[in-house]
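Asker: Quick one: structure below, then a few questions.
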Amino acid sequence: MPLLRAALPAMPVLTLDTLQQPEQIRYVITWGPPPGLFAGLPALQAVFALGAGVDKLLLRPDLPATVPIYRLLDGGMAQQMAEYVRLGVLSYQRHMDIYRRQQAAGVWKMLPPRLPAEVRVGVLGMGEIGSAVAQALVADGYQVSGWSRTPRQLAGVASYHGEAGLGEMLANSDVLACVLPSTPQTQGLLDAERLACLPAGAMVINAGRGDLLDENALLALLDSGHLRAAQLDVFAMEPLPANSRLWQHPSVTLTPHIAAITLRQQAVSQIAANLQRLQAGLAAEGRVLRERGY
Ligand code: GLV
């Protein structure tokens, strides 16, 4: 709150517990407001999401479709996502997952080294975050490809798009790193059939949204040994239910939705700049297209 007040000195900034005269509220900055809140704000002009993914906001029945939503384009998240994906890719390339299992079994066995240039990484999602992830992987020396809804070109990255492009990229990805948002088009994208397109011994990283990936199909492919490892940050249900087999699976590394946390200062700077643009009658950045879902 102090950061916001400092960034917007000319604007009264209220919190939910100090909210008076809700009929005068013009802008809401939020991650997940209490149900029904928007219905009591008749003067609402825009909502600023404190995150990159707005899937939950788009499902809110109290938020009129006419109120624009702006999402964070970076908010410090792109670099964190790149780090999270690089952690997984590096551990795959250096066989750390296998060595961890060998350690648990008391096995001393060297595996042949694998160079970055011998590892093909496919990035699903090539927006602000996916592009940063792909660029970091290129800089590390991996063979990088990227898949997006519409064609995108990025130096050093083999680009794929559309359904045909997806199958081709999956078949050529030793590590698949998913940073897609959840939209009607991406939900269930990584189903049993598509996951099975990954080459034998591949790894799956999901840091996008849990509902993109069929967890049971993933578990079946890990059990059968077709897939070697998974690093998951997001789940169909969060917190991950205690009875999920993912918790104990030896081939799974999981984290509690921390791959990229909104950094306050960056988020506030972006939102304040956006608010100033709106007030000056200019277009703000990161406007969500509702039918597209991001
Ligand atoms: C986090 O998951 C976000 O969408 O910002």
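The values are calculated or read from the model by the stated rules, or taken from the named source; none is laboratory data. Every value quoted in this text rests on a predicted model; they were computed, and no experiment measured them. Cβ: placed from backbone, ideal geometry, glycine included. Neighbour counts: every protein chain shown. Side chains are part of the model used for accessible areas, which takes the heavy atoms of the whole protein and leaves out ligands, DNA and RNA. Shrake-Rupley method; radii C 1.70, N 1.55, O 1.52, S 1.80 Å.
Asker: Out of the range 131-158, which residues are of a type outside the set (A, V, I, L, M), over 20 Å from Ala52 (Cβ atoms) and open to solvent by less than 30 Å² (accessible area, probe 1.4 Å)?
Answerer: Our first condition is that a residue be of a type outside the set (A, V, I, L, M); within the range 131-158, this holds for 131, 135, 140-143, 145-153, 156.
The next check asks that each one be over 20 Å from Ala52 (Cβ atoms); those that pass are 140-143, 145, 151, 153, 156.
Within the range 131-158, Tyr142, Ser145 qualify.
Asker: Picking from Leu72, Leu111, Leu59, which residue would you name as being of a type in the set (A, V, I, L, M, F, W, C), without any contact (Cβ under 8 Å) to a residue 40 or more places away in the chain and within 16 Å of the ligand (Cβ to nearest atom)? Even if it seems obvious, please write down each step before you answer.
Answerer: Numbers: Leu72 fails: without any contact (Cβ under 8 Å) to a residue 40 or more places away in the chain; Leu111 fails: within 16 Å of the ligand (Cβ to nearest atom).
Testing whether each residue is of a type in the set (A, V, I, L, M, F, W, C), without any contact (Cβ under 8 Å) to a residue 40 or more places away in the chain and within 16 Å of the ligand (Cβ to nearest atom) leaves just Leu59.
Asker: Output the qualifying pairs, or none if there are none: Cβ atoms under 7 angstrom, residues six or more apart or on different chains, first residue in the range 248-259 and free of Cβ contacts under 8 Å to residues at least 40 places away in the same chain, second residue among the small types (Gly, Ala, Ser) and open to solvent by less than 70 Å² (accessible area, probe 1.4 Å).
Answerer: Here the result reads Val252/Ala230, each pair linking the range 248-259 to a residue that is among the small types (Gly, Ala, Ser) and open to solvent by less than 70 Å² (accessible area, probe 1.4 Å).
Asker: Select from the range 101-130 the residues that are assigned to a helix (DSSP H, G or I) and touching a Ser or Thr at 6+ places or on another chain (Cβ under 9 Å) and write down the one among them that is surrounded by the fewest Cβ atoms within 10 Å (Cβ to Cβ). Working first, answer last.
Answerer: Filtering the range 101-130 for residues assigned to a helix (DSSP H, G or I) gives 101-104, 116-118, 128-130.
Subsequent filtering for residues that are touching a Ser or Thr at 6+ places or on another chain (Cβ under 9 Å) retains 101, 130.
On the way: Arg101: 14, Gly130: 27.
Only one residue tops the list, namely Arg101.
Asker: Sticking with this structure for a sec: Name the one entry in Gly141, Gly122, Gly146, Gly130 that is of a type in the set (Gly, Ala, Ser) and more than 21 Å from the chain's Cα centre (by Cα).
Answerer: Values: Gly122 fails: more than 21 Å from the chain's Cα centre (by Cα); Gly146 fails: more than 21 Å from the chain's Cα centre (by Cα); Gly130 fails: more than 21 Å from the chain's Cα centre (by Cα).
Sole residue among the options that is of a type in the set (Gly, Ala, Ser) and more than 21 Å from the chain's Cα centre (by Cα): Gly141.
Asker: So which pairs qualify, if the first residue must be in the range 167-191 and assigned to a helix (DSSP H, G or I), the second must be open to solvent by 40 Å² or more (accessible area, probe 1.4 Å), the Cβ gap must be under 7 Å, and the two must be at least 6 apart or on different chains?
Answerer: Listed pairs, sorted by first residue: Gly167/Cys197; Glu168/Tyr160; Met169/Tyr160; Leu170/Arg194; Leu170/Cys197; Ala171/Cys197.
Asker: Restricting attention to the range 25-77, which residues are of a type in the set (A, V, I, L, M), assigned to a helix (DSSP H, G or I) and within 28 Å of Met126 (Cβ to Cβ)?
Answerer: If we filter the range 25-77 for residues that are of a type in the set (A, V, I, L, M), which is where we start, we get 25, 28-29, 37, 39, 41, 43-44, 46-47, 49-50, 52, 54, 57-59, 63, 65, 67, 69, 72-73, 77.
From what's left, assigned to a helix (DSSP H, G or I): 37, 39, 57-58, 77.
Residues satisfying the conditions are Leu57, Leu58, Met77.
Asker: Where residues in the range 224-278 are among the charged types (D, E, K, R) and closer than 20 Å to Leu72 by Cβ, which of them is farthest from the ligand (Cβ to nearest atom)?
Answerer: So the first thing to find is which residues in the range 224-278 are among the charged types (D, E, K, R), and the list is 228, 233, 238, 245, 264, 277.
Filter again for closer than 20 Å to Leu72 by Cβ, leaving 233, 238, 264, 277.
Values: Asp233: 9, Glu238: 10, Arg264: 13, Arg277: 21 Å.
The selected residue is Arg277.
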